[in-house]
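Every number here is computed from the coordinates shown, using simple stated rules; none is lab data. Bear in mind that the values here come from a model prediction, so they are computed numbers and not experimental data. Please note: Cβ atoms are built from the backbone with ideal geometry, for glycine as well, and neighbour counts cover all protein chains shown.
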Amino acid sequence: LAKKRGIIITAVILAAITAASFSVWLIPQKEDSSFVVSDFKANLESIQAKQKVIADEIETDLQAMLAGTVTPDNFIMRAEASTSQINALIIELVGSGAPQEWHESYLNYGESLKSYSSYLRETIVLANKIKDGNSNNIQENLEKLDTLKKETETFVLKANETKP
């Protein structure tokens, strides 16, 4: 009887330890990552500089694809990576918690990033057309790209004009 009771107590203790271990893994932890920004001017300028680097690289790659030195598949891969980077910049911008005096400037630059994201999606459409050998309407795509690029630049100018 004592041996049986010892086995039951040991089993209960092992079950409790096992349940406690699994609860650490199964119960979701609250992990809110946030950006603490104290210099909103420097933060915005940093985001603008990152976006400019991305834009310069994509422009070079786009011209190379149109010239035939970069394959459409290679360009699509790079454009998708750039889209992810732009989305990260949007998240960084939104998560910065800009105070009221910076709100309009940050909002305008956010619109610029969204417009640039549309530009990137349109470059992927163009690359897919080239990849499929569908060369009709390429000029139409290039005009749409130009329009999206100008829209992006307009929002950048508004963001710069509305800086405190």
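Annotation: amide H of Val70 within the under-5 Å range of Met65, sequence separation 5 or more or interchain, hydrogens built in the peptide plane. Just going by the charge dipole of the chain, with Lys and Arg at +1 and Asp and Glu at -1 on Cβ, which of Phe75, Ile130, Ala88 is farthest out on the positive end? Among Phe75, Ile130, Ala88, the one farthest towards the positive end of the dipole of the chain is Ala88. One equal scatterer on each Cα of the chain, no solvent, Debye formula: the resulting log10 I(q)/I(0) at q = 0.13, 0.17 Å⁻¹ is -0.72, -0.99. Using C-alpha pairs below 8 Å separated by at least 6 residues, the relative contact order for segment 80-164 is 45 percent. Mean-square fluctuation check for the chain, GNM, Cα pairs under 10 Å: which of Thr60, Thr154, Thr83 is largest? Maximum fluctuation in the GNM of the chain, among the listed residues, is at Thr60. Phi angles across segment 67-78 convert, under the Karplus curve 6.51 cos²θ - 1.76 cosθ + 1.60 with θ = phi - 60°, into 3J(HN,Hα) values of 7, x, 8, 10, 6, x, 4, 5, 5, 4, 4, 5 Hz, Gly and Pro given as x. Between 0 and 90 degrees, the angle of helix 138-161 with respect to the longest Cα principal axis of the chain falls at about 70 degrees. In sequence order, segment 126-132 has phi-based couplings of 4, 4, 5, 4, 5, 4, 7 Hz under the Karplus curve 6.51 cos²θ - 1.76 cosθ + 1.60, θ = phi - 60°, and Gly or Pro positions carry x.
Applying the Karplus relation 6.51 cos²θ - 1.76 cosθ + 1.60 with θ = phi - 60° to segment 96-105 yields 3J(HN,Hα) values of 6, x, 4, x, 3, 5, 9, 4, 5, 5 Hz, where x marks Gly and Pro.
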